[in-house]
Structure formats: C-alpha cells, structure tokens
1. Name the residue from THR137, MET170, SER149 whose Cα lies farthest towards the positive end of the charge dipole of region 111-187, charges +1 on Cβ of Lys and Arg and -1 on Cβ of Asp and Glu.
2. Tell me the per residue accessible area of the chain using a 1.4 Å probe; a whole number in Å² is fine.
3. Measure off, as a whole percent, the carbon and sulfur share of the 1.4 Å-probe accessible area of region 44-83, all protein chains present.
4. What's the local net charge at TYR85, with K and R +1, D and E -1, over the other residues with C-beta under 13 Å away?
5. May I ask you to derive the relative contact order of the chain, considering only C-alpha pairs under 8 Å and at least 6 residues apart, and to give it as an integer percent?
6. In what order, largest first, do ARG58, ARG134 sit by accessible area if the probe radius is 1.4 Å?
7. Name the residue from VAL42, PRO16, PRO121 whose Cα lies farthest towards the positive end of the charge dipole of the chain, charges +1 on Cβ of Lys and Arg and -1 on Cβ of Asp and Glu.
8. Working from the alpha-carbon coordinates of region 54-99, get Rg over Rh, Rh being the Kirkwood radius.
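The values are calculated or read from the model by the stated rules, or taken from the named source; none is laboratory data. All values derive from a computational prediction rather than experimental measurement. Cβ: placed from backbone, ideal geometry, glycine included. Neighbour counts: every protein chain shown. The accessibility values were calculated without ligands, DNA or RNA, using every heavy atom of the protein model including side chains. Shrake-Rupley method; radii C 1.70, N 1.55, O 1.52, S 1.80 Å.
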Amino acid sequence: VRDATRQAVLPMQGKPLNALKASGARVAEYPLFKQLSDALGVAPTDIESGEVGDITQRRFERVMLLFDPDADGIHSGVLMLMYFYRWMRPLLAAGAVWMVRPPLYVLTVTENGNTLHAYSPDHAARILSELKRRGHTNVQSHHHRGLASIDAALLASSCLAPLTRKADVMTVADAEDAIQVFASVPE
C-alpha cells in the first residue's frame, strides 16, 4: 500500500537489539541496524560513540517507525528509539524520526456506517461511551492484534497517507523519557 515513488519499506521481524546495552561492535553487526544505516546512507563514523556522518546527505527525508499496535509493538518502537538515540542522535535532533500510531480498534456505527479509530482500550471505551450517550447503541468493534490484521485500505489511510496518518515526531527528550521509564522497570 506504500507509494513507491515516495516511500520505502524496511521490514522487521522480532524485537530489535537493545542498542543502549549492546557493545558498539555488536550494534554495527546487527543485520537490521546495518540494513537501516545502508538504506539511509548514514553510517556511524565512530563505532563506540555513535557519531554519524553528514545526515544532510541521507537518502530519505524522514524515518517513519510503524509497529504492531500492541505491547510488543510498543516495546519494539522503544528499542528502535534507543538505537536512534545512541547511534543516530542527529536524526532525532533534526526531527527526522517519526512514530506512526496504527489504530488498535475500529469502531463502526452500524446505523450510518461511520467509522472511528481508537488507539488504546481506554480510548475505545471513551468513544463507545460517547456514542452511547448520543443514542448509538449498535456499534461494531474490531480489535487489531497486529499490522497484518489491518486491511490494506485502512493501513494506507491510517498509517501511510501523510494527511491522515497519526504520527508524532520523536525527539531526544522522548528517547530520554523512554529510557527513564524502561530503566525504572525491574528486570
């Protein structure tokens, strides 16, 4: 569903390596990070410090991170954010790393066919409550377990189309906040 004239996809399977804890050599050898660095045309110039080459010469304007809308997907997103924080921080500082949020639920009002997206169980509950308050009692709810369960049209409109996707620019501060949250979790 991507626009091949403007978008490229680098698929990922499984959780990425924790780039904050891994050695520089291990991160440099990790296949996903190597593919990403090669695709962007920006490589670390110092394997231990994470210093990178000239980011203005990168092949793509921005990196859009898109993961399953579940706990594993959130964790994978944080791990990728850690990679950018340690190894490609200038991209974070330049606002070139974005996180796309796919809908977790699609709620359809059966009377009129209107469709609403919810991004968390709490968000879905609030929408359902508001619909009920407005007199809509017959609402179908579909819970997406992963990106593969989202049909092509919805994936294109909610995750890929620049005007309708829900995406946030990730910053160095976002990465530092994530480090604080995950560092405080006991192992």
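1. THR137
2. Result: 58 Å² of accessible area for each residue.
3. It is 50 percent, rounded to a whole number.
4. Summing Lys/Arg as +1 and Asp/Glu as -1 gives 0.
5. Value for the chain: 21 percent.
6. Correct descending sequence by accessible area is ARG134, ARG58.
7. PRO121
8. That ratio equals 1.01.
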